[in-house]
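Take a look at the structure below.
The values are calculated or read from the model by the stated rules, or taken from the named source; none is laboratory data. Bear in mind that the values here come from a model prediction, so they are computed numbers and not experimental data. Here Cβ is always computed from backbone atoms with ideal geometry, including for glycine, and neighbour counts include all displayed protein chains. The accessibility values were calculated without ligands, DNA or RNA, using every heavy atom of the protein model including side chains. Shrake-Rupley method; radii C 1.70, N 1.55, O 1.52, S 1.80 Å.
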Amino acid sequence: MAEKSARRVGEPMVRIEGLRKSFGDLEVLRDINLDVMPGQVVTIIGASGSGKSTLLRCINLLETPDAGHVWFHGSDLAAEHVDVNRLREKIGMVFQGFNLFNNMNVLDNCTLAPVTLKKMSKAEAEEVALGHLESVGLADFAHADVNNLSGGQKQRVAIARALCMQPDLMLFDEPTSALDPEIVGEVLEVMRRLASDGMTMVVVTHEMAFARNVSDEVVFMDKGVIAEKGSPEKLFTAPEQPRTREFLSRYL
Ligand code: ADP
Ligand code: MG
């Protein structure tokens, strides 16, 4: 895998080319093409069932594409010689349902992967984890049982846990959709800060204000294709496609 310093300027961190995925007879992704540049925040919007989660899952190979390519740091994830696990360690993912280990405390959730994958000693992993817990406002909860946390706190732990693997890319799949409205903001604020710190992010969300204010590029998916993509200004104020306008009108 190319090291960060060896990357050419202007080279995408992620390049998706001609990506296709079906489940049985259902074509879920049809010829998806998308680049994500280092430091970019790309937001994916679209109706339920349009293929957003499947696209995210193809980026870290939780799903295997039927056709096309996903390149990460210039490596084709489908190439046989590529160490997918090593590449995947560089991609953090945050899910709608948190996916925390509920039988462990907050700190152990954060240190499990770095220690198990032998990226760090236990002591080092704990130091790194405490730093990330601090940054998401949960330093005081390091030894708390995750079952006792609110949804917003759980999602902030999930973000801190992903960051502990020192990822180059963070994928978020509707990270606030399971949260009560009054605590959505605390998670979006953590994400906003991560974006302004320069993290490369692909975010599936229905939070249009976040998409508009934080993204560099907004992608509108409809029935397995990218129907339209562009800057937030363009997409939200002057969408070209009638189906984009129709989708956005539901959020007015
Ligand atoms: P979105 O995230 O935009 O709601 P998804 O990518 O989750 O869309 O799903 C797109 C379509 O693919 C939906 O019709 C969904 O039911 C179907 N689908 C997703 N995952 C699977 C799977 N593992 N097996 C069968 N069908 C699936
Ligand atoms: Mg989804």
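Among the residues of region 22-63, write down those that are farther than 16 Å from M221 by Cα, surrounded by 16 or more Cβ atoms within 10 Å (Cβ to Cβ) and within 8 Å of ligand 1 (Cβ to nearest atom).
Across region 22-63, the qualifying residue is only E63.
Considering each of E240, E217, E189 in turn, give the residue that is without any contact (Cβ under 8 Å) to a residue 12 or more places away in the chain and either out of contact with any Asp or Glu (no Cβ under 9 Å at 6 or more places or on another chain) or away from ligand 1 (no atom under 14 Å from the Cβ) (or both). Write out each step before concluding.
Numbers: E240 fails: without any contact (Cβ under 8 Å) to a residue 12 or more places away in the chain; E217 fails: without any contact (Cβ under 8 Å) to a residue 12 or more places away in the chain.
After ruling out the rest, the residue left standing is E189.
What is the number of the single condition among (1) open to solvent by 20 Å² or more (accessible area, probe 1.4 Å); (2) in a strand (DSSP E or B) that G92 does not meet?
(1)
Suppose the filter is among the small types (G, A, S), buried (at least 20 other Cβ atoms within 10 Å of the Cβ) and at pLDDT 95 or above; does A209 pass it? Break it down stepwise before answering.
Details: among the small types (G, A, S): yes; buried (at least 20 other Cβ atoms within 10 Å of the Cβ): no; at pLDDT 95 or above: yes.
No, not satisfied.
Quick one: in region 174-186, of everything that is open to solvent by less than 30 Å² (accessible area, probe 1.4 Å) and within 20 Å of H132 (Cα to Cα), which residue is farthest from ligand 1 (Cβ to nearest atom)?
V184
I'm trying to understand the selection: among the residues of region 64-81, which are more than 17 Å from S22 (Cα to Cα), without any contact (Cβ under 8 Å) to a residue 24 or more places away in the chain and surrounded by fewer than 19 Cβ atoms within 10 Å (Cβ to Cβ)?
Taking region 64-81 and keeping what is more than 17 Å from S22 (Cα to Cα), we get 71-77, 79-81.
Now drop any that are not without any contact (Cβ under 8 Å) to a residue 24 or more places away in the chain, which leaves 76-77, 79-81.
If the condition is that a residue be more than 17 Å from S22 (Cα to Cα), without any contact (Cβ under 8 Å) to a residue 24 or more places away in the chain and surrounded by fewer than 19 Cβ atoms within 10 Å (Cβ to Cβ), then D76, A79, E80, H81 are the ones that fit.
Take region 38-51 and flag every residue that is in contact with a Ser or Thr (Cβ under 9 Å, 6 or more places away or on another chain) and not polar (S, T, N, Q). Before you say what the answer is, go through the steps one by one.
First, the residues of region 38-51 that are in contact with a Ser or Thr (Cβ under 9 Å, 6 or more places away or on another chain): 38-45.
Residues satisfying the conditions are P38, G39, V41, V42, I44, I45.
Just the residues that are of a type in the set (G, A, S) and open to solvent by less than 10 Å² (accessible area, probe 1.4 Å), please, taken from region 124-161.
Of everything in region 124-161, those that are of a type in the set (G, A, S) and open to solvent by less than 10 Å² (accessible area, probe 1.4 Å) turn out to be A125, A129, A142, G152, A158, A160.
The rows are residues; the columns are (1) charged (D, E, K, R); (2) in a helix (DSSP H, G or I); (3) more than 21 Å from the chain's Cα centre (by Cα).
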{"residue": "G97", "(1), (2), (3)": "no, no, no"}
{"residue": "A113", "(1), (2), (3)": "no, yes, no"}
{"residue": "L130", "(1), (2), (3)": "no, yes, yes"}
{"residue": "D140", "(1), (2), (3)": "yes, yes, yes"}
{"residue": "N147", "(1), (2), (3)": "no, yes, yes"}
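Yes or no: T237 open to solvent by 60 Å² or more (accessible area, probe 1.4 Å) and either among the hydroxyl-bearing types (S, T, Y) or touching a His at 6+ places or on another chain (Cβ under 6 Å) (or both)? Explain how you work it out, then say what you get.
Numbers: open to solvent by 60 Å² or more (accessible area, probe 1.4 Å): yes; either among the hydroxyl-bearing types (S, T, Y) or touching a His at 6+ places or on another chain (Cβ under 6 Å) (or both): yes.
When the stated conditions are applied, T237 passes them.
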